[in-house]
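Peer 1: I am attaching a structure below and will ask some questions about it afterwards.
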Amino acid sequence: MLDMRNLVFVLLLLIAPAAAALDDCSEVEALDALYGIRDLVIRGAGSYAITSAIEESLNGLRGPLPDGSYRWVNWVKPSGSPPIVKHGHTVSAVHGSGTDSVEASAGKPFAVAVVVPKKRSLFSGNNPSWVGEVEIQFTLDGRQRTRTESINAWLNPGTSRTFDLGTIADDARVRIEAATSAQYTEGEALVEIHFKQAVEQDDPDNPQYETIRSLQRIRSSSSPEVLDAEIAKLERRLFPSLQSYRFTFLIAKTREAEVLLKSDKPKDQEKGKKLLKEVVDEVKE
């Protein structure tokens, strides 16, 4: 029977020719990124190291710019519920005697809302708040714009007023005037400013878009089969005559067989022998 270490060595040798053949390939970066992830998995790297490597590859493929943005990433409104940045303020000013000035800011908003939530905490109900003017300052393409909206009304718990910016701003700062009734003791009225944020979306025009999709699929699954399938897909496109091997899967099964063979239970040892034979048979094909 083939020694376990020798089998792993043979599998690793089989990887080298395929990688070497890519020297003149225009898609070398794509396959190189996938090979790099596979190498980490084969060498037993932890999930943190593998995820970090995937994120590093994604970062490079998206075309990072000096300002921290990416050439090949667009900001879009999400199709579902957007991320929301919330800023809460416990109102202390009494309506008719003054107002609290409440300010908050966040990046990449497409809408802002003034909200009086139903509850102040998990077990405490909220009370109405009066809201006056709402000043919205937002930056778009380096230019600052200002909008002033007037609510001038009492908002009951569980109600809100939303203001669509009509665009995805670089950032926004909101200031509101808020007060509550004298009948409520201090800390019994909560008002919030919400920023509904856009999300990042990879640009399909990016020459490396398919590679990014592959890396995202690999990131979302720890399965060796997924990694091998993504590599095989690219190898078949680049080298139609090349036999693609499930290296990650085979080595994972080899290690599993090794554990079984070291067991004191004859039944486990038999399973290990059978598993190892399956690995050897697939390499021979």
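Peer 1: Pairs only if they're at least six apart or on different chains, beta carbon under 6 angstrom, first in the stretch 115-139 and touching a residue at least 60 places away in the same chain (Cβ under 8 Å), second of a type in the set (A, V, I, L, M, F, W, C) and not in a strand (DSSP E or B); list them, first residue then second.
Peer 2: ASN127/ALA189; SER129/VAL91; SER129/ALA189
Peer 1: Are any residues in the stretch 107-128 open to solvent by less than 10 Å² (accessible area, probe 1.4 Å) and modelled with pLDDT under 95, and if so, which ones?
Peer 2: None - no residue of the stretch 107-128 is open to solvent by less than 10 Å² (accessible area, probe 1.4 Å) and modelled with pLDDT under 95, so the list stays empty.
Peer 1: Follow-up question, since we're still on this one. Regarding TYR48, is this residue exposed (fewer than 11 other Cβ atoms within 10 Å of the Cβ), under 19 Å from the mean Cα position of the chain (by Cα) and either of a type outside the set (Gly, Ala, Ser) or on the phi > 0 side of the Ramachandran plot (or both)?
Peer 2: Here the answer is yes, as TYR48 does meet what is asked.
Peer 1: Which residues, counting only those in the stretch 58-106, are of a type in the set (Gly, Ala, Ser) and modelled with pLDDT under 95?
Peer 2: GLY60, GLY63, GLY68, SER69, SER79, GLY80, SER81, SER92, ALA93, GLY96, SER97, GLY98
Peer 1: Also, I was wondering about something else. Just to check your reading of the model, which residue among ILE151, ILE176 is modelled with pLDDT of 95 or more, closer than 25 Å to VAL91 by Cα, touching a Lys or Arg at 6+ places or on another chain (Cβ under 9 Å) and open to solvent by less than 40 Å² (accessible area, probe 1.4 Å)?
Peer 2: Residue meeting the stated conditions: ILE151.
Peer 1: If you don't mind, there's one more thing I want to ask. Cβ contacts < 6 Å: first residue closer than 16 Å to THR146 by Cα and part of a strand (DSSP E or B), restricted to the stretch 163-191; second residue open to solvent by less than 50 Å² (accessible area, probe 1.4 Å) and among the hydroxyl-bearing types (Ser, Thr, Tyr), any location; separation 6+ or different chain. Result?
Peer 2: Listed pairs, sorted by first residue: ASP171/THR139.
For every residue, the table says whether it meets (1) part of a loop (DSSP other than H, G, I, E, B); (2) closer than 30 Å to THR99 by Cα; (3) modelled with pLDDT of 90 or more.
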site	(1), (2), (3)
PHE195	no, yes, yes
ILE218	no, no, no
SER221	yes, no, no
ASP228	no, no, no
LEU234	no, no, no
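Peer 1: May I pose another question? Keeping to the stretch 58-72, report how many residues are under 19 Å from the mean Cα position of the chain (by Cα) and open to solvent by 30 Å² or more (accessible area, probe 1.4 Å).
Peer 2: Matching residues across the stretch 58-72 total 9.
Every residue, every condition in (1) out of contact with any Phe, Trp or Tyr (no Cβ under 7 Å at 6 or more places or on another chain); (2) part of a loop (DSSP other than H, G, I, E, B), yes or no:
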{"site": "GLY68", "(1), (2)": "yes, yes"}
{"site": "SER79", "(1), (2)": "yes, yes"}
{"site": "LYS86", "(1), (2)": "yes, no"}
{"site": "GLU103", "(1), (2)": "yes, no"}
{"site": "ALA106", "(1), (2)": "no, no"}
{"site": "PHE110", "(1), (2)": "yes, no"}
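The values are calculated or read from the model by the stated rules, or taken from the named source; none is laboratory data. Here the structure is a predicted model, which is why all the values come from computation and not from measurement. Here the Cβ is made from the backbone with ideal geometry for all residues, glycine too, and neighbour counts use every protein chain on show. Heavy atoms of the whole protein, side chains included, go into the accessibility calculation; ligands, DNA and RNA do not. Shrake-Rupley method; radii C 1.70, N 1.55, O 1.52, S 1.80 Å.
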